[in-house]
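Here the structure is laid out as structure tokens; the discussion comes afterwards.
Bear in mind that the values in this text are calculations on the coordinates, not laboratory data. The shown structure was predicted, so the numbers you read here are calculated from the model rather than taken from an experiment. Ideal geometry is used to build each Cβ from the backbone, glycine not excepted, and the neighbour counts take in all protein chains shown.
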Amino acid sequence: EPLLSLQELVKHYPAGKGKLVHSVDGVSLSVRKGEVLGLVGESGCGKSTLARTVLRAVDATDGHIVFDGEDITGVKGKRLKELRRSMQFVFQDPYGAFDPKMTLGTSLEAPLRHHGMRDRDQRRERMLEMLDRVGLEEAILERRPSECSGGQLQRMVIARALLLKPRFLICDEPTSALDASIRAQILNLLVELKEQLDLTLVLISHDLRVVRYLCDRVAVMYLGKIVEVAPRDELFTNPRHPYTRVLLAASLAEQAGAEGNAMVSRLRGEPPSPIDVPSGCRFHPRCPIAQDICSSVVPEVARPGDDHTVSCHFWDRIDELSIPSPTDGK
Ligand code: SF4
Ligand code: MG
């Protein structure tokens, strides 16, 4: 049962000279109640813009966002404010998340005031409850951001996101600004909280190890479009899109410290600009197995499995076209 359903969602920005940045370019995707959905892809592929559009930080250009059965694409005013309690964002950079001049207590209290919790004791109680959940002491409320570690600040960011008791969280690279030593702690905390508080999570990450560790399903995004969605194990063992295979191979090579992995070098060049989107399959200029049809015909969504979708003309011939699955034999 989906908590969130995106239907052909589009977010374009003007790029001057009558051109458009196709940041999000027709995304249809569901997030089921209680799941952790991973959203992966290279930086600049539109992951963060998709998140901001879904959370109504920016208005969609076209398409629909349905949250818990309600079309929220155009809601405004009071209803939008109510919605903001249910849907929260955990940002990437804990160091820039709080006003450096204020104590963390003052910063943490602001959303409670803003959402009409007038009673001081009640606000205090809610703040302490959330500090406890994220493993922080009350004394941190008297400190300023500069007096805290990155790990403490990221816990604060999570506490703030939970303050209004949301049902849905989007975490955008929640650990990428942190030391490796505390990344696992923060990720484990997110999983615990998700269980305890019955949350539904979208985890945006370029780190496939994180995604493999935490997510129930994974969606792969390329240049404003979702190109493959599958349950975690299915995606990692039987990826059907060439781009997914290249990402997985790159991640394995990185883990092994290997250089010159044949797969990685087969991905040609940088991602193309979202202003001049390639015709046909937009991955074709970089695709190691592109055929003639790929530059002119947009691939339809195919279903390699019950819960597995992919947009590639050759998803069922990918093995014979010789991009072996990078996790074969593991
Ligand atoms: Fe590659 Fe063609 Fe598949 Fe696109 S449709 S991913 S270019 S093989
Ligand atoms: Mg981003």
Legend entry - Pair Glu129, Val191: separation of 7 Å Cα→Cβ label points (nm): 2.6
Legend entry - the chain: angle of helix 77-86 to the longest principal axis, Cα-based, in degrees nearest 10: 80
Legend entry - Gaussian network model of the chain, springs between alpha carbon atoms under 10 Å - residue of Leu128, Leu162, Leu50 with greatest fluctuation: Leu128
Legend entry - Using alpha-carbon coordinates, inclination of helix 180-197 to the longest axis of the chain, degrees: 70
Legend entry - Nearest-ten-degree value, helix 104-114 long axis tilted from longest Cα axis of the chain: 90
Inset, instruction - Going by C-beta contacts inside 10 Å, put Met127, Met102, Met221 in order with the fewest on the left. - result: Met102, Met127, Met221
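Using only alpha carbon positions, build the gyration tensor of the chain, then give the equivalent ellipsoid semi-axes as the square roots of 5 times its eigenvalues, largest first, whole angstrom.
Semi-axes from the Cα gyration tensor: 37, 23, 18 Å.
Give me Glu70, Glu42 ranked fewest to most by other Cβ atoms within 10 Å of their Cβ, as a rough exposure proxy.
In increasing order of surrounding Cβ atoms, one gets Glu70, Glu42.
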Legend entry - Spacing of the two label points (7 Å from each Cα toward its C-beta) at Glu300 and Asp119, in nm: 5.9
Legend entry - Approximate shape of segment 136-213 as ellipsoid semi-axes (Cα gyration tensor, √5λ), whole Å, largest first: 21, 17, 10
Inset, instruction - Determine, from the Cβ-Cβ distance of Gln7 and Ser279 and an R0 of 30 Å, the FRET efficiency 1/(1 + (r/R0)^6), rounded to the nearest 0.05. - result: 0.80
Inset, instruction - Show that you can apply the helix-only estimate: for the chain, add -39,500 (n - 2.57) for every DSSP H stretch of four or more residues, divide by all residues, and state [θ] at 222 nm to the nearest 500. - result: -9500 deg cm²/dmol
Inset, instruction - Between the alpha-carbon centers of segment 29-85 and segment 116-142, tell me the distance in whole angstrom. - result: 28
Legend entry - Spread of Cα-to-Cα distances over 5 Å intervals beginning at zero, given as percent, for segment 1-155: 2, 8, 14, 16, 16, 15, 14, 10, 5, 1, 0
